[in-house]
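To keep things clear, I will list the structure first and then write my remarks on it.
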2 protein chains.
Amino acid sequence: MNIALITIGNELLAGFTVNTNAAWIGNHVIQTGGNIYWHQTIGDSKEEIHDSLNQIPKDINSVIITGGLGPTHDDVTAHALYEYANDTPVFDEEYWLYLQDKLAKRNLKLPEINRNQAMKPEKGTIIPNPIGSARGLHFHVDGRDLFILPGVPREMKAMMESTVLPWIADQSAGGLTVRTIRTTGIMESGLAEKIGNIVDALADEIKIAFLPQFTGVDIRVSSADKDAVNQTVNEINLHAEKYIYGHDHDQLEEIVGQLLNANNLSLSTAESCTGGLVGHRLTNVSGSSDYYLGGIISYSNSVKENNLGVAIETLNKHGAVSYETAIEMAENVRSKLDSDLGLAITGIAGPSGGTDEKPVGLTYVALADGKDTIVKEFRFLIDRILNKNASCQAALNMLRLYLHNE
Amino acid sequence: MNIALITIGNELLAGFTVNTNAAWIGNHVIQTGGNIYWHQTIGDSKEEIHDSLNQIPKDINSVIITGGLGPTHDDVTAHALYEYANDTPVFDEEYWLYLQDKLAKRNLKLPEINRNQAMKPEKGTIIPNPIGSARGLHFHVDGRDLFILPGVPREMKAMMESTVLPWIADQSAGGLTVRTIRTTGIMESGLAEKIGNIVDALADEIKIAFLPQFTGVDIRVSSADKDAVNQTVNEINLHAEKYIYGHDHDQLEEIVGQLLNANNLSLSTAESCTGGLVGHRLTNVSGSSDYYLGGIISYSNSVKENNLGVAIETLNKHGAVSYETAIEMAENVRSKLDSDLGLAITGIAGPSGGTDEKPVGLTYVALADGKDTIVKEFRFLIDRILNKNASCQAALNMLRLYLHNE
């Protein structure tokens, strides 16, 4: 089923906001059996909204509209749609009291300006917002279904998932099957060589795409034929096993957490160049307190020495960014925090601090388990943020490979 | 001058690629004196391209079109545009030889499939590509200028900068001045009330937009009148001073870093619910080693007690998420890491772990300077990742306000 998408916002046209909503909607609609056929972005103006609605190709009977449902003065979407649908907004006393009550619980007062969020249509229906106060609208005009949602991404997503996507699934024969294989520790060209035979032998109906990022390469497999997709994924799994940490929406920190749980092992971290990023990612996972005890961010040498117990001789002789320091960091954080495993990262994130011998991007990752300590050198690139992300990913991947072999 | 934008690609509609090109173009056009008034995304199909060209609002005389100029089979943009412009592609022998020569220097042979990249129009003109082989096209049809560019972001940008933006600047009176005021610690509605008088009194030519995020609200002021923008920004600065941490591309962690440097103070962190996020953000700033020593991620109670020295009585009596624990965390990390300031965060990130008395989202932030310790309670919402981000922002903002008053 072909669907039109209208995203409303001067913000989007002026490029102040990247239209990630459109990508999210396109992606979820296609997996539900629909297809965004036509997409227009227009400004916050009643006339432009009406013009856009009139430009939708004739044979398209479902329209998703996002943006402009907030309480401030430039949000004209609701007005434009009420007028287009020839409907009347009426005050929803019940919802207004509910909103006031909700904010009262947080010791906040609901400003009068929010009153327009408590309006509801006479003929159309309300799309509930599971996580925010701006509700959506569903109108039926001239044989077309119009779904109007807020532009705030998390609210839009919650309402798509609770109302619009189920509606699309109901009307559709079956979606495209899209699966993603997530790899790290290998470049796109290396991966292409490894699975080249599989890709060359694929039927036309199965599409493959390589999506390289600095922290790894995703491989996307898609087709209307679900079995063929799963079979292709299985074949790729076999040929690139070592590099695959997960599938679809898996995050490396989730996979590592599952492996720690399965092995009943606890973890602590000692971070220098990543500055807390590894701990941050580990604790993004709900339930991470089951295995992650905490860590020491030893950003300065004084903390490395005085709080983490790295020997001053090691720091003086080999430097803070060295095999030797990484090993002591991993072993010491493990014993000081009394965990089964200790994971350490030290590197030169840049842009300054590099030398000919130890360039920006040089990173050491070490993992101590009380018996042995593994340590590995990496040479990343020159951008500070990318280096932090790549170092963090390499550390989590070292932990994954270790746990996988346990 | 109003400009239409057509971005072509099935990848965009399916949401496999986020349309960052549209944002980049919108942003650069607006600062050059143009304005993207209308934007459509369509699939790789000649019919859709023609339909889209026919839907462009009548009074728009400049059109930027991106995507579909590569050598592969689904790139139909050039064909569709030649037909629309009633022009004929002729083989550009000179350019073909130039391409062959260029690749020969890298010991590569130019595949025949690239021949279509050496075509040029009879009536239209070529837009040179400073960094790639796919050239752009410039047609003049029925009083309209059409600029056709590749979809590869870096090639598109290079050609916009070398050809299209200078053309727009030539035709325009002058660009828009855009300034952003960055606030945190106040909701959009509260901010709207505080600066309502300023907003209401503004001339029509000055536009104001509120851009709410969970970690703060940006206020964007824009106008062709640069002085009026700066004056408005100054007025808002005066009326909302306490909540404003910076302007334009300022990040809170950069501002805090500048204040720490200016006050010649060092910092350490003790993080529970944020799990290292505060350290991560602080160390995203190049030069942060001048003031940030490091921290302790005391995610488990054992680390709080044994490594950070929080009294077991405090943990038992008041709990890990309490005023008392936050205070001890801040004071102890300060003394243990020997820094001037100690910043601590403890909270219930969720989704589990909340009680009626201590709900998910409850967070305490404390800041110790050796004489006094400030501590503040926050009640955020239910989402784990948002809570971590909000807690981190609140902690950095507490530090900012403290340093501001020093």
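Readers should treat all values here as calculations from the given coordinates under stated rules, not as data from a laboratory. Note that the structure is a prediction, hence the values are computed from the model and not measured. Cβ sites come from the backbone with ideal geometry, for glycine too, and all protein chains shown count toward neighbours.
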Alpha carbon centroid spacing (whole Å) that separates the range A:96-140 from the range B:150-173
44 Å
Return B:Ser286, A:Ser322, A:Ser300 ranked ascending by Cβ neighbour count within 10 Å, so the fewest neighbours appear first.
B:Ser286, A:Ser322, A:Ser300
Proximal lysines to B:Lys207, defined as alpha-carbon separation beneath 21 angstrom and excluding residues fewer than eight positions away on the same chain
A:Lys46, B:Lys194, B:Lys226
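For the range A:314-406, what relative contact order do you get, as a whole percent, if you take Cα pairs closer than 8 Å and at least 6 residues apart? Walk me through the numbers on the way to the answer.
On the way: 165 pairs, mean separation 23.7, N = 93.
Contact order relative to length: 25 percent.
Quick one: of the DSSP bridges fully inside the range A:252-405, what percent are antiparallel, nearest 5? Mind dumping the intermediate values first?
Working: 13 of 23 bridges.
Around 55 percent of the beta bridges assigned by DSSP in the range A:252-405 are antiparallel ones.
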Can you tell me which of A:Thr88, A:Thr180, A:Thr32 moves the most in a GNM of chain A? Springs connect C-alpha atoms under 10 Å apart.
A:Thr88
Once you've got the GNM for chain A with C-alpha springs shorter than 10 Å, pick whichever of A:Asn129, A:Asn261, A:Asn197 has the biggest mean-square fluctuation.
A:Asn197
Sort A:Val76, A:Val152 so the one with the fewest other Cβ atoms within 10 Å of its own Cβ comes first.
A:Val76, A:Val152
Against the longest alpha carbon principal axis of chain A, how many degrees, from 0 to 90 and to the nearest 10, is the axis of helix A:323-337 turned?
70 degrees
Write down the percent of antiparallel bridges among all DSSP beta bridges whose residues are both part of chain A, to the nearest 5.
60 percent
Relative compactness, chain B, computed as alpha-carbon Rg over 2.2 N^0.38 Å
1.30
Filtering GluC sites (Glu not before Pro) in the range B:92-170 by DSSP loop and by at most 11 other Cβ atoms within 10 Å leaves B:Glu122
Rg followed by Dmax, in Å, when the range A:2-171 is reduced to its Cα trace
15.6, 50
Select from B:Gly33, B:Ser288, B:Phe16 the residue farthest towards the positive end of the dipole of chain B; place +1 on Cβ of Lys and Arg, -1 on Cβ of Asp and Glu, and compute about the Cα centre.
B:Ser288
At most 15 other Cβ atoms within 10 Å and a DSSP loop assignment: could you name the chymotrypsin sites (Phe, Trp or Tyr not before Pro) in the range B:1-106 that fit?
none
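How big is Rg to Rh over the protein assembly as shown, alpha-carbon atoms, Rh as the Kirkwood inverse-mean-distance radius? Walk me through the intermediate numbers first.
Details: Rg = 28.3 Å, Rh = 29.1 Å.
With Rg and the Kirkwood Rh in hand, the quotient comes to 0.97.
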Which of the pairs A:Lys58/A:Lys120; A:Lys304/A:Lys336; B:Lys123/B:Lys157; B:Lys336/B:Lys371; A:Lys388/B:Lys157 have their Cα atoms more than 22 Å apart in this structure?
A:Lys58/A:Lys120; B:Lys123/B:Lys157; A:Lys388/B:Lys157
What dipole magnitude, in Debye to the nearest 20, does the protein assembly as shown give about its Cα centre under +1 on Lys/Arg Cβ and -1 on Asp/Glu Cβ?
1160 debye
Which residue fluctuates the most in chain B, going by a Gaussian network model with Cα springs under 10 Å, if the choices are B:Ile312, B:Ile206, B:Ile36?
B:Ile312
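To the nearest 20 debye, what is the magnitude of the charge dipole of chain B about its Cα centre, counting +1 on the Cβ of each Lys and Arg and -1 on the Cβ of each Asp and Glu? It would help to have the intermediate numbers written out before the result.
Working: 32 positive and 51 negative charges, 141 e Å.
The dipole of chain B has a size of about 680 debye.
Taking the DSSP beta bridges in the range B:2-171 as the whole, what percent of them are antiparallel, to the nearest 5? Please report the intermediate quantities before stating the final value.
Numbers: 11 of 28 bridges.
About 40 percent, rounded to the nearest 5.
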Give me the extension gain from B:Asn230 to B:Ile126: residue separation times 0.36 nm, minus the current Cα-Cα distance, reported in nm with one decimal.
33.4 nm
Translational diffusion of the range B:292-406, µm² s⁻¹ [Kirkwood Rh, Cα pairs; Stokes-Einstein; 4 °C; 1.567 mPa s]
91 µm²/s
Kindly provide log₁₀ I(q)/I(0) values, in the same order as q = 0.24 Å⁻¹, from the Debye equation applied to equal alpha-carbon scatterers of the range A:15-92.
-1.31
Dimensions (Å) - the range B:12-55, Cα atoms, principal axes, largest first:
32, 27, 11
Mind jotting down the distance between the C-alpha centroids of the range B:333-406 and the range B:252-293, whole Å?
14 Å
Arrange the following residues from fewest to most other Cβ atoms within 10 Å of their Cβ: A:Val63, B:Val178.
B:Val178, A:Val63
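I need to check one value: relative contact order of the range A:252-405, counting alpha carbon pairs closer than 8 Å and at least 6 residues apart, in percent.
Relative CO of the range A:252-405 lands at 25 percent.
For B:Thr20 and B:Tyr323, compute 0.36 nm times the residue count separating them, minus their Cα-Cα distance, and round to one decimal in nm. The partial results should precede the final answer.
Details: separation 303, 0.36 × 303 = 109.08 nm, distance 4.39 nm.
Extra length available between B:Thr20 and B:Tyr323 comes to 104.7 nm.
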